[in-house]
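In what follows, a structure is listed as structure tokens, so that the remarks can point back to it.
The values are calculated or read from the model by the stated rules, or taken from the named source; none is laboratory data. Because the structure is predicted, anything quoted here is derived from the model rather than measured. A quick note on method: Cβ atoms are made from the backbone with ideal geometry, for glycine too, and the neighbour counts reach across all protein chains shown. Each accessible area value is taken on the protein alone, full model and side chains, heavy atoms only, with ligands, DNA and RNA left out. Shrake-Rupley method; radii C 1.70, N 1.55, O 1.52, S 1.80 Å.
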Amino acid sequence: MSAAPKFKNPRARYNYQGRSVSITGVGAYVPAKVLTNFELAAKVDTNDEWITSRTGIKERRIAAKDEFTSDLAAKAAQRAMKAAGVTGDQIDLIIVATITPDMVFPSTACLVQQKIGALRAAAFDLEAACSGFIYGLEIAQQFIMSRTYDAVLVIGAEKLSSIVDWQDRNTCVLFGDGAGAAVLQNRANSHGLLTAVMGADGSKADLLHMPGGGSRCPATADSVAARLHYLRMEGKETYKHAVQAMVSAATEALRRCDLEISKIKCIIPHQANRRIIDAVGERLGARPDQLFVNLDRYGNTSAASVAIALDEAVSSGRIHRGDLILLVVFGAGLTWGAAVIEW
Ligand code: UT7
């Protein structure tokens, strides 16, 4: 973790020389189809009791065959733009964080650009797995503060059902599909990101990965037969790193802002496992009521996870303007991150 200095006045970071960055709108979209633990237990050797007690997940959403990551992303984006009161032509840049792009190329962000009519916008994808949304927020903030752009759309979107091995009970019970989005804009003297911590450790890339489909292992009849085009995870090892990395990223983010955890109104952790969320909350010294949890309904939606949760926290009235919130994430790479936002 980089030892960045504490900010004397954290607000100075996004309130500088007449510019400041505000999240002016959020939105989310999940597919209509619900897949419950009971339905899963009819397909693979598992049961509701195991999934609930080990993960906290009760059900997840599954995209239709003809519904792709760009469709989920575009719907979430349209809701965020409506909440922000902006139209497509006002967006300067679209960043889509995803590990399940519609295709290897072109980017899903380019496909979203067409669907939402943001024809002036530059567009690219960002691959930081479950940490992608925080990476995206920080990149958006940098572009706005550097006066390159005034309005950036950050989307976390996944169709994980397309890379889950439905014969592997160790992983198939964990993941779901969905998308969340945020519009970040230049707004003088407003609210925004106080800090974002980002980290990575490529030495542990094998803990959570998809071996097939890239330049190392292009699709062949053999690679498909060997089930290399599905995600693989060493659950226990990943779990340990998740707790450590999330605690240390959150601690560093709070330290930089000179904030105690008690000052945070709502903690929005990556929704991978209820036990991970509780362990992180406990080690940070947070009260259980500070933690936002919705993984019982969506499972782990990777880059979409905290974006969907942020939208739900706002629309359900858990967060109000002026509240301090903490996002904290962890994912394949390994990657991790934490962000403190004055909402
Ligand atoms: O989003 C990116 C980050 N991802 C994460 O952070 C996920 C981190 N890992 C986890 O959340 C947990 O490790 C899991 C939920 C994946 C697994 O929980 P666990 O407590 O670590 O279980 P385990 O993998 O050690 O498996 C315990 C037992 C095994 O049986 P034996 O060997 O003890 O007889 C598994 O075969 O549970 C068995 N098992 C299952 N049983 C019923 C594994 N999956 C299932 C299942 N249903 N779906």
(message) Is it the case, given these coordinates, that residue 232 is basic (Lys, Arg), farther than 27 Å from residue 339 by Cβ and away from the ligand (no atom under 15 Å from the Cβ)?
(response) no
(message) I'd like to check something: does the stretch 105-121 contain any residue that is more than 16 Å from the ligand (Cβ to nearest atom) and either touching a His at 6+ places or on another chain (Cβ under 6 Å) or among the acidic types (Asp, Glu) (or both)?
(response) no
(message) Given (1) open to solvent by less than 40 Å² (accessible area, probe 1.4 Å); (2) not assigned by TED's automatic domain parsing to the domain that holds residue 139, identify the lone condition not met by residue 200.
(response) (1)
(message) Which residue is farthest from the ligand (Cβ to nearest atom), if the candidates are limited to the stretch 124-139 and must be farther than 15 Å from residue 195 by Cβ, touching a Gly at 6+ places or on another chain (Cβ under 6 Å) and not small (Gly, Ala, Ser)?
(response) 126
(request) State all residues of the stretch 283-304 that are at positive phi and within 14 Å of the ligand (Cβ to nearest atom); if no residue qualifies, say none. (result) 299, 302
(request) Could you grab the pairs with beta carbons closer than 7 Å, sequence gap of 6+ or different chains, first residue in the stretch 126-147 and among the charged types (D, E, K, R), second one at pLDDT below 95 and buried (at least 20 other Cβ atoms within 10 Å of the Cβ)? (result) 138/196
(message) I need the full set of residues from the stretch 215-227 which are open to solvent by 40 Å² or more (accessible area, probe 1.4 Å) and at negative phi, in order please.
(response) 215, 216, 218, 219, 220, 221, 222, 224, 225, 226
(message) I'd like to know if the stretch 54-71 contains one or more residues that are open to solvent by 40 Å² or more (accessible area, probe 1.4 Å), farther than 18 Å from residue 303 by Cα and within 9 Å of the ligand (Cβ to nearest atom).
(response) yes
(request) Please verify whether the stretch 121-144 includes one or more residues that are surrounded by fewer than 20 Cβ atoms within 10 Å (Cβ to Cβ) and out of contact with any strand residue (DSSP E or B) (no Cβ under 9 Å at 6 or more places or on another chain). (result) yes
(message) As an exercise: evaluate residue 248 against (1) within 16 Å of the ligand (Cβ to nearest atom); (2) open to solvent by 40 Å² or more (accessible area, probe 1.4 Å); (3) under 23 Å from residue 158 (Cα atoms) and give the number of the one condition it does not meet.
(response) (3)
(message) Testing residue 307 on (1) more than 18 Å from residue 134 (Cβ to Cβ); (2) away from the ligand (no atom under 11 Å from the Cβ), one condition comes back false. Which one is that?
(response) (1)
(request) Could you list all residues from the stretch 251-280 that are among the small types (Gly, Ala, Ser) and either surrounded by fewer than 21 Cβ atoms within 10 Å (Cβ to Cβ) or within 15 Å of the ligand (Cβ to nearest atom) (or both)? (result) 262, 272, 279
(request) Name the single residue, out of those in the stretch 145-160 being touching a Phe, Trp or Tyr at 6+ places or on another chain (Cβ under 9 Å) and open to solvent by 20 Å² or more (accessible area, probe 1.4 Å), that is farthest from residue 115 (Cα to Cα). (result) 145
(request) Give the residues of the stretch 179-197 that are under 19 Å from residue 148 (Cα atoms), open to solvent by less than 10 Å² (accessible area, probe 1.4 Å) and not hydrophobic (A, V, I, L, M, F, W, C), sorted by residue number. (result) 192
(request) Report yes if some residue within the stretch 195-203 is over 14 Å from residue 137 (Cα atoms) and free of Cβ contacts under 8 Å to residues at least 60 places away in the same chain; otherwise report no. (result) yes
(request) For the stretch 28-47, name all the residues that are surrounded by 16 or more Cβ atoms within 10 Å (Cβ to Cβ) and either out of contact with any strand residue (DSSP E or B) (no Cβ under 6 Å at 6 or more places or on another chain) or assigned by TED's automatic domain parsing to the domain that holds residue 301 (or both). (result) 37, 40, 41, 46
(request) Select from the stretch 214-225 the residues that are of a type in the set (A, V, I, L, M, F, W, C) and without any contact (Cβ under 8 Å) to a residue 12 or more places away in the chain and write down the one among them that is farthest from the ligand (Cβ to nearest atom). (result) 221
